[in-house]
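Following: one structure in structure tokens, then a few remarks.
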Amino acid sequence: MNYNKKTVKDIEVKGKKVLLRCDFNVPQEKATGAITDDKRIVAALPTIQYLLSQGAAVIACSHLGKPKGPDPVFSLTPVAKRLSELLGQPVEMAADVVGPDAQAKAAALQPGQIMLLENTRFEPGETKNDPALAKAMAGLAEVYVSDAFGSVHRAHASTAGVADYLPAVSGFLIAKELEIMGGALANPKRPLVAILGGAKVSSKIGVINHLLDIADTIIVGGGMTYTFIKAMGGSVGTSLLEPDWLDYCRDMVAKAKEKGVQLLLPEDTVCAAEFSADAAPELVDTMAIPDNRMGMDIGPKTVARFSDAVKDAGTVIWNGPMGVFEFPAFAEGTRAVAKALADTNAITIVGGGDSAAAVAQLGFADQMTHISTGGGASLEFLEGKALPGVTCLMDA
Ligand code: ADP
Ligand code: MG
């Protein structure tokens, strides 16, 4: 995939109507609809403020939740209110996406003003990437700016289809993802060290396959460790195991050797008798986990070895916690690896929803070069897949 795309800085937006796809898919309190975390709205501000300051009229849009047609529970009205508070100027809310109200409000919108369309998923054509809907949305504006990185892996009308009808560029959020993550994948500063963890091997196959082609070192931790260990003849007790993927893991170990990729697996494991926050941690040899014990975290020898590999890296890509970090007694491995990333001079990139949450929860968020904001999108990015919301943008 070509990661070199035009951004808002590369086109004239003065006096133009700009359709801006944001990721305003915010968490809300069920009973009241109150926004419980406005991080995504705050993240959209730089692009919005830039466009407004350049004299564009901004028609913002987003999906929210998974409504089946128009449903007031999924209205973007609370987002318009919060966005207006953050911007310090009115945000006109349209009652529909491409209907008469949206059209009238878009037509009346002046340079320096901003409005918000109703939830794009109120239109059945959105998730089907219906050209008629894409064309109608495009008809509201003269330029399309995409800044919803969390949605670029979806070919929907508002994330990709609309680019067939308008000049399309990225906002600052997507531009940063492409520059840093795209750069690390296409032309990494070496050695490139990939740290993979999380729960399951099966959800990371695409990521492992792709990184095996480009990384110098692959480090495996977290729940996926035990399928590898079992595949290599170790005993894993009651640890998370995916029997269907044993052959795959065996294959990966062989492939890594063939390609000259260094593959590091945990030597020691912190295990427990049960999956519980109160379980007593016990340190064991990873290849010999007792029958009635499950691996919950990487041990100190492993931490030292992993940290050492990170120290001399040029780039580190991390996806997947090293252990069950949600339980404090089993968060040490993840914390130590986050610290190693914080301490290295390498470019450090964290992708994946739980990994980003772990780094934030453990207090290392501002010490990473980049934390990818899209959960599913960043995984597909790391798989090297062509992302419809990126390929649709104009090449730089
Ligand atoms: P991401 O969202 O960053 O891609 P995943 O969803 O793959 O990460 O994995 C995150 C989950 O993996 C966490 O909830 C964590 O508790 C779990 N996990 C990590 N290590 C283990 C383990 N040894 N056993 C069971 N679950 C684990
Ligand atoms: Mg996850």
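Numbers below:
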| quantity | calculated |
| --- | --- |
| Ordering of 39-48, 86-95 by burial proxy (mean other Cβ atoms within 10 Å per residue, highest first) | 39-48, 86-95 |
| C-alpha center-to-center spacing [the stretch 1-32, the stretch 86-151] in angstrom | 11 |
| Cα-based shape type of the stretch 30-126, given that a ≥ b ≥ c are square roots of the gyration tensor eigenvalues and the cut on a/c is 1.5 | oblate |
| Residue-normalised accessible area of the chain, given per residue in Å² at a 1.4 Å probe | 41 |
| Degrees, to the nearest 10: 77-87 long Cα axis against longest axis of the chain | 90 |
| HN-Hα J in Hz across the stretch 191-205 - Karplus 6.51, -1.76, 1.60, θ = phi - 60°, x for Gly and Pro | x, 9, 10, 9, 10, 10, x, x, 7, 10, 4, 4, 7, 10, 3 |
| Packing rank of 30-36, 268-274, where each peptide gets the mean count of other beta carbons within 10 Å, highest leading | 268-274, 30-36 |
| Distance violations [Cα-Cα > 23 Å] among LYS30/LYS66; LYS16/LYS68; LYS5/LYS339; LYS39/LYS176; LYS66/LYS128; LYS9/LYS81 | LYS16/LYS68; LYS5/LYS339; LYS9/LYS81 |
| Alpha-carbon centroids, the stretch 254-270 and the stretch 326-364: separation in whole Å | 21 |
| Two-decimal log10 I(q)/I(0) for the stretch 140-299, as the Debye equation yields it once each C-alpha is a single scatterer, q = 0.12, 0.18 Å⁻¹ | -0.68, -1.03 |
| Shape category assigned to the stretch 144-183 from the gyration tensor of Cα positions, a/c cut at 1.5 | prolate |
| 26 Å Cα-Cα reach of LYS230 towards lysines, excluding residues that sit fewer than 8 places from it in its own chain | LYS200, LYS204, LYS255, LYS257, LYS259, LYS301 |
| Relative contact order, percent, the stretch 1-85 [alpha-carbon distance under 8 Å, six or more residues apart] | 35 |
| The chain - Rg over Rh from alpha carbon coordinates, Kirkwood radius | 1.03 |
| Along each principal axis, Cα extent of the stretch 207-325, largest first, Å | 39, 31, 20 |
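The values are calculated or read from the model by the stated rules, or taken from the named source; none is laboratory data. Because the structure is predicted, anything quoted here is derived from the model rather than measured. Please note: Cβ atoms are built from the backbone with ideal geometry, for glycine as well, and neighbour counts cover all protein chains shown. For the accessible areas, the whole protein counts, side chains as well, though only heavy atoms, and no ligand, DNA or RNA atoms are used. Shrake-Rupley method; radii C 1.70, N 1.55, O 1.52, S 1.80 Å.
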